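Here's the structure, in C-alpha cells; my notes come after.
The values are calculated or read from the model by the stated rules, or taken from the named source; none is laboratory data. All of these numbers come straight from a predicted model, not from anything done at the bench. Neighbour counts are summed over all protein chains in view; Cβ atoms, including those assigned to glycine, are modelled from backbone coordinates with ideal geometry. Keep in mind that these areas ignore ligands, DNA and RNA; they rest on the heavy atoms of the full protein, side chains included. Shrake-Rupley method; radii C 1.70, N 1.55, O 1.52, S 1.80 Å.
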Amino acid sequence: MAMEIAQTVDAKGLSCPMPIVRTAQAIKGLASGQLLEVLATDAGSVNDFAAWSKTTGNAIVEQSADGGVYRFVLRKK
Amino acid sequence: MTAVTDPGQNAVAVEAPAATPEPAPATSPEGEAGPRDILIINYSGELEKTWAAMILASTAATMGKVRVFVTFWGLQTFVKDSRRITGQNWMQKMMSLMQRPGVSHRKLSKMNFFGMGPWMMFKLAKQYHVASPKELLEIGQAMGVEFIPCQMTMDMYGLTRDDLIEGMTEPVGAATVIALMQEGSAPLFI
C-alpha cells in the first residue's frame, strides 16, 4: 500500500538555499518513516536534493519534473 | 481538545530556542561515521562575502553541525543593526562611523556606488526570491548554527556582548578554532 504524504512544502519560486532550508524545517516535525513532498522550481534543486538526501539519510522515494516544477518525495530517516 | 493558553498560570511552555550561548564545545565527531562538522571562519564584512557565508551556514545547518567563527570585519556583521556608533575611544567610534555595523548595512567591495550597488542587489534578490543575509542569519540561528565571536576583535573594536546580536556563544580565540579543525571540522575561510 502506498504511504500517504504527511506534508507538502511548496518552495516554488524560491532560490537556493531556501528549498532545502524549508524542507529541513518541515522534516523536523515529521516522525520517522513519514513522507514529505517538496515542490520547487529552482533547477539546482535536482542535484541539491540528491546531495542533501545522501548526507542526511532522508531518502528520495519519488522524483519527477513537470513543466519546470520539480517534485520530490522524501522519507524521513 | 486544544489547550488554551492560560496566562499567569503556566508560562512554562514557551520555548527558549537556540538563544542560550554555549561555550564552543570541543566535540569530536561521533563514533559512527557521520558527516564532518563545518567550521566557517567569517573574516570579511563585505555584502557579497557575508551573503555567501550566510547561505552556506544556513544550508550546512540542515545537513549537520556548523559553527561560524566571526572575526575582524566579519564581526561588524554581528553588531545589532540598531547600533550606530560603537567603541570606547574616539578611534573605535570613528571606525564604526565610517562603516556602519550590522548585517543590514553591508557594502559591496566593488561598485558600491554610495549604496546604489547594494540597493540593486537587494532589488534583484527580492525579484528572484533570494533570501537576504539578515533572513539567512536568522534562519541559521533558528536551525542551530553556532555563531562564535572573536574576543580579540571585540577588544580591538571596543565591542561589548551587548553590542552583538542575541544568541551568540561566549567569545573565544584562535586556539579554539584551530582545535576544532584539528578535531576534524571542515574549515572554510570567507
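A compact table of results
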| read-out | value |
| --- | --- |
| Other-chain or far-sequence residues with amide H under 5 Å of B:Asp81's (modelled H) | B:Val103 |
| Cα-based Rg of the protein assembly as shown normalised by 2.2 N^0.38 Å, two decimals | 1.12 |
| Charge-dipole axis of segment B:121-169 as Lys and Arg at +1 and Asp and Glu at -1 on Cβ define it, positive-most pick from B:Pro149, B:Gln127, B:Ile139 | B:Gln127 |
| Normalised contact order of segment B:38-189, rounded percent, pairs of Cα under 8 Å and 6 or more residues apart | 34 |
| Sulfur and carbon atoms: percent of accessible area, segment B:38-189 [1.4 Å] | 66 |
| Peptide-level mean, for B:53-64, of C-beta atoms on other protein chains within 10 Å | 4 |
| Estimated distance in nm for a label pair at B:Thr160 and B:Lys123, the labels positioned 7 Å out from Cα along Cα-to-Cβ | 4.0 |
| Inter-probe distance in nm under a simple model that places probes 7 Å from Cα toward Cβ, at B:Ala175 and A:Ser32 | 4.1 |
| Under 30 Å between alpha carbons - lysine pairs in segment B:38-189 that sit 8 or more apart or on different chains | 29 |
| Backbone N within segment B:136-160 under 15 Å of label point (7 Å from B:Glu183 Cα along the Cβ vector) | B:146-148 |
| Protein-protein interface of segment A:1-24, residues with accessible area decrease of at least 10 Å², isolated chain reference, 1.4 Å probe | A:Gly13, A:Leu14, A:Ser15, A:Cys16, A:Pro17, A:Met18, A:Ile20, A:Val21, A:Ala24 |
| Environment charge at B:Thr176 (Cβ cut-off 12 Å; Lys +1, Arg +1, Asp -1, Glu -1) | -2 |
| In Hz, Karplus ³J(HN,Hα) per residue of segment B:117-126 (6.51, -1.76, 1.60; θ = phi - 60°; x = Gly, Pro) | x, x, 4, 5, 4, 5, 5, 5, 4, 5 |
| Rg/Rg_globular for segment B:38-189, with Rg_globular taken as 2.2 N^0.38 Å and Rg from C-alpha atoms | 1.02 |
| Environment charge of B:Phe78, counting only residues whose C-beta is closer than 13 Å and scoring Lys/Arg +1, Asp/Glu -1 | -1 |
| Chains B and A together, accessible area buried on both sides, 1.4 angstrom probe, square angstrom | 1100 |
| Distance (nanometres) between label positions extended 7 Å along Cα→Cβ at A:Asn47 and B:Gln88 | 4.9 |
| Label zone at A:Lys77, where the point sits 7 Å out along the Cα-to-Cβ direction: segment B:138-156 residues whose backbone N lies under 18 Å | B:143-145 |
| Positions from segment B:120-136 whose accessible area shrinks by 10 Å² or more when the full protein complex is built, not the chain alone, probe 1.4 Å | B:Tyr128, B:His129, B:Val130, B:Ala131, B:Leu136 |
| For segment B:48-190: accessible area per residue (Å², 1.4 Å) | 51 |
| Charge dipole (debye, nearest 20) of segment B:88-166; +1 at Cβ of Lys and Arg, -1 at Cβ of Asp and Glu | 520 |
